[in-house]
Amino acid sequence: MLLDLHARIKDVLRSTIRSQWNIEPPEITLSQTPKIELGELATPVSLALAKQLQRAPRGIAEELIARAGKIEGIERMEVAGAGYINFYVDRAATLRGSRVRGFATEAGKVIVEHTNINPNKAAHIGHLRNAAIGDTFVRILQAAGRNVEVQNYIDNTGVQVADVIVGLKHVEKKTIEDIQRIIKDSSVKFDYYCWDVYARVASFYELEDPKHTLRAETLKEIEEGKSETARMAELVAMTIARCHLRTMARINVDYDLLPRESDILHLKFWDYAFRELRQKDAIFFESEGKNKGCWVMRLESEGHDDDKIIVRSNGTVTYVGKDIAYQLWKLGLLKQDFRYDVFEAQQNVWVTTSSAGTPNHPSFGSGDTVYNLIDVRQSYLQNVVRQGLLGLGYEEQARRSIHFSYEVVALTPACAEELGIEISDEDRKRAHIEVSGRKGQGVKADDLLDTLENDAKQEVAKRNPELRNSEVAEIAHRIAVGALRYFLLKFTRNAIIAFDFREALNFDGETGPYLQYAAVRGNNIINKLREAEPDFDFSRVHQLLNDPKLEAFLNESNDIWELVYLALRLDEIANQVIMTLEPATLAKYAFTLAQRFSLFYHRYRIISEEDPQKRLFYVLVVDLVRESLTKALDLMGIEVPRRM
RNA sequence: GCGCCCGUAGCUCAGCUGGAUAGAGCACCGGACUUCGAAUCCGUAGGUCGGGGGUUCGACUCCCUCCGGGCGCGCCA
């Protein structure tokens, strides 16, 4: 593995620097060379040492090379430029070594919490970004051998659910029986129906209930459970949660557990957290001032203006309070557990419950590291939760409870207008505008997926007139998912995505289908070869790995080696994603790999190559690259179609 | 007011913990299908990295400051 090679190089350099000059070595960085002709890896460490040693960097580099001796996997080292040390790897050995897979598995359970959509209306593109990033991160952690648990928190007792219930009861005048009928009606998408109801509630409040007393009453009823309103909320929230899971399943996202806020309330998780917070003086009771009667948390800054209310004067707990209790449970610091039931047997999804539950359930919670995928607008609240953990004295756990933040998906002004949203002249000049889900604005996830699938179907049918409809649909589905997931992943986390249909529906250039196309081509070559020569012995391709000729082939051309070397870097890139929490790195890597492969594809004839040994070598290259590309796509939740 | 983020080619974005000549895609223009499939490939053009200071052998990257833009700061989540 390349990561092992990196570690070896750093070790040797460190010990050489120590023994040679008797100093503590600086942080050693390895970077890619600008051109493969200059070797594969480089370090500017001599430049860093130059000042300390009062010597010219090139001289230091020469001395380091002379004293370092032989490094396993490195063929030679050279001084270059201002004083870089360039490493030329032993190409054949590196390739052979890469066949031995497996990370040094880090012990400890990782919990990734993502998606977390309020269960009161259909999912939109912003939710898709959250799920795509979260699920990709999960896949990478799993590939790295980590024990991962995926949680999708269901805020079924929050204000947003209360609002849609107000809409159903007081605007639409629906009873629980009416709602049951609507849910059963297969011509109605229930999450879409609620999307519209929710949009109507805003104006209802404005006209009929400006003080939101109905909201407060409804919220209280929902929190207490038992009542007809509570049962209606339960029905609505869980039905919509089911819709969300179905939407996410379309883009290959799934979960292990759905923790529900109602269970945090009913099982009294908060009571324990509250006791702890009071005992350790992490929160204070306010007996005067604007926060009179509340329990508040004092944040870093001096005055009381920044105090955050945790328990309201009427005794109810804010979201932050409930989240602190939930975080404690996730970190295994709460002396209580949920009860559990199977939610979807087929996909093996579990849900928390306050009733008896199922005795033989897997063990949930108690993560050593917890990642919370929440958009950047909630940084302030996440920080309050963190302060809560610190206030309880859990410094180490606070460090391992990580806010994995990302920017939102906005719309381009043009896109907003296409959707019929009225925008001002000022907005029209902006790069992007955030639209209000409360007003029913935005792009629904299922609508976008439907559009993508239809577009893809047309393209597939056009190119493959002989395919049956069911096959066209299957391929189009994979292409749609590829286009969507790649589109959501290629932007770095803190870039705001200005959504635009033209760009999102594009299948050319830096897109998911481009990557899929490259993989399909690789597969086609192998398939064609099987077809043309049924008795072609593929074991000979892998035997080539141990053939002395391999070295000659790899050294013969830098362009092929560059492609092979890039394919070998997947593990290194995956590791980088884990360290930096930046899945876009993987997306960019996969794109570059596909690009290089396409170039190779055009430059070399594989099946018609006349030299039989060279042909074997080319087949080996194709096999290596398609394996790496397919794996990279899989880590992004993208499947390779049979053909395109 | 305080805090966080952003400003790189016409547009949308990369640029790893400071390192070698700042890179892609789209759009534009010009080429390549009788070949393993052109959802592809090749080429041309396009940048005072928002401005100004500073640190450094070296700054798109770090610090300060200014300008422009976004977001957050609720007894909502």
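The values are calculated or read from the model by the stated rules, or taken from the named source; none is laboratory data. None of these values were measured; they are calculated from a predicted model. When we count neighbours, we look across all protein chains shown, and the Cβ atoms used for this are built from the backbone with ideal geometry, even at glycine. Heavy atoms of the whole protein, side chains included, go into the accessibility calculation; ligands, DNA and RNA do not. Shrake-Rupley method; radii C 1.70, N 1.55, O 1.52, S 1.80 Å.
For segment A:375-403, the set of residues classified as away from RNA strand B (no atom under 16 Å from the Cβ), out of contact with any strand residue (DSSP E or B) (no Cβ under 7 Å at 6 or more places or on another chain) and of a type in the set (A, V, I, L, M) consists of A:LEU390, A:LEU392, A:ALA398, listed by residue number.
The set of residues in segment A:333-348 that are open to solvent by 10 Å² or more (accessible area, probe 1.4 Å) and either within 16 Å of RNA strand B (Cβ to nearest atom) or touching a Gly at 6+ places or on another chain (Cβ under 6 Å) (or both) comprises A:ARG339, A:ASP341. Please indicate, with yes or no, whether at least one residue in segment A:384-392 is assigned by TED's automatic domain parsing to the domain that holds A:LEU333 and open to solvent by 40 Å² or more (accessible area, probe 1.4 Å). Yes, segment A:384-392 has at least one match.
Yes/no per residue for (1) polar (S, T, N, Q); (2) open to solvent by less than 30 Å² (accessible area, probe 1.4 Å); (3) touching a Leu at 6+ places or on another chain (Cβ under 9 Å):
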| site | (1), (2), (3) |
| --- | --- |
| A:GLN52 | yes, no, no |
| A:ILE65 | no, no, no |
| A:MET77 | no, no, yes |
| A:ILE85 | no, yes, yes |
| A:VAL110 | no, yes, yes |
| A:ILE117 | no, yes, no |
| A:ALA123 | no, yes, no |
| A:ALA132 | no, yes, yes |
| A:ILE140 | no, yes, yes |
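Looking at the structure I just gave you, is A:GLU27 of a type in the set (Asp, Glu), more than 30 Å from A:GLY437 (Cα to Cα), open to solvent by 20 Å² or more (accessible area, probe 1.4 Å) and under 36 Å from the mean Cα position of the chain (by Cα)? Against the criterion (of a type in the set (Asp, Glu), more than 30 Å from A:GLY437 (Cα to Cα), open to solvent by 20 Å² or more (accessible area, probe 1.4 Å) and under 36 Å from the mean Cα position of the chain (by Cα)), A:GLU27 qualifies.
For segment A:570-614, filtering for residues that are of a type in the set (Lys, Arg) and at pLDDT below 95 leaves 3. Just one of (1) more than 15 Å from RNA strand B (Cβ to nearest atom); (2) part of a loop (DSSP other than H, G, I, E, B); (3) on the phi < 0 side of the Ramachandran plot; (4) not hydroxyl-bearing (Ser, Thr, Tyr) fails for A:PRO119. It is (1). Look through A:ALA567, A:ALA574, A:ALA584, A:ALA594 and report the one residue that is near RNA strand B (Cβ under 7 Å from one of its atoms), open to solvent by less than 30 Å² (accessible area, probe 1.4 Å) and within 24 Å of A:SER31 (Cβ to Cβ). Being near RNA strand B (Cβ under 7 Å from one of its atoms), open to solvent by less than 30 Å² (accessible area, probe 1.4 Å) and within 24 Å of A:SER31 (Cβ to Cβ) holds for just one of A:ALA567, A:ALA574, A:ALA584, A:ALA594, which is A:ALA584.
Residues in segment A:34-50 that are open to solvent by 60 Å² or more (accessible area, probe 1.4 Å), out of contact with any Asp or Glu (no Cβ under 9 Å at 6 or more places or on another chain) and not in a loop (DSSP other than H, G, I, E, B) were compared, and the one that is farthest from RNA strand B (Cβ to nearest atom) is A:GLU37.
Taking the conditions exactly as written (closer than 30 Å to A:GLN142 by Cβ and within 11 Å of RNA strand B (Cβ to nearest atom)), does A:GLU288 satisfy them or not?
No, not satisfied.
Listed by first and then second residue, the pairs with beta-carbon distance under 7 Å, at least 6 apart or on different chains, first residue in segment A:399-423 and part of a helix (DSSP H, G or I), second buried (at least 19 other Cβ atoms within 10 Å of the Cβ) and at pLDDT 90 or above, are A:CYS415/A:PHE499. If you take the residues in segment A:429-446 that are assigned to a helix (DSSP H, G or I) and either open to solvent by 60 Å² or more (accessible area, probe 1.4 Å) or closer than 15 Å to A:VAL197 by Cβ (or both), which one is farthest from RNA strand B (Cβ to nearest atom)? So the residue we want is A:LYS439.
Among residues of segment A:404-419 being under 25 Å from the mean Cα position of the chain (by Cα) and crowded, with 18+ Cβ neighbours inside 10 Å, the one that is farthest from RNA strand B (Cβ to nearest atom) is A:PHE404.
Please determine, by comparing only the residues of segment A:145-172 that are closer than 12 Å to A:VAL110 by Cα and of a type in the set (A, V, I, L, M, F, W, C), which one is surrounded by the most Cβ atoms within 10 Å (Cβ to Cβ).
A:VAL150
Of the residues making up segment A:278-294, none is open to solvent by less than 50 Å² (accessible area, probe 1.4 Å), at pLDDT below 95 and closer than 24 Å to A:ASN116 by Cα.
Looking only at segment A:219-237, residues that are under 35 Å from the mean Cα position of the chain (by Cα) and surrounded by 17 or more Cβ atoms within 10 Å (Cβ to Cβ) come to 9 in all. The single condition from (1) under 19 Å from A:ALA132 (Cβ atoms); (2) open to solvent by 30 Å² or more (accessible area, probe 1.4 Å); (3) near RNA strand B (Cβ under 9 Å from one of its atoms) that A:ALA483 fails is (2). The sole residue among A:ARG250, A:ARG275, A:ARG312 that is more than 29 Å from the chain's Cα centre (by Cα), in contact (Cβ under 8 Å) with a residue 12 or more places away in the chain and open to solvent by 30 Å² or more (accessible area, probe 1.4 Å) is A:ARG312. The residue of segment A:447-478 that is farthest from RNA strand B (Cβ to nearest atom), among those that are open to solvent by 60 Å² or more (accessible area, probe 1.4 Å) and assigned to a loop (DSSP other than H, G, I, E, B), is A:ARG468.
Being part of a helix (DSSP H, G or I), out of contact with any helix residue (DSSP H, G or I) (no Cβ under 9 Å at 6 or more places or on another chain) and more than 6 Å from RNA strand B (Cβ to nearest atom) is the filter here; which residues of segment A:597-613 pass it?
Passing the criteria: only A:PRO612.
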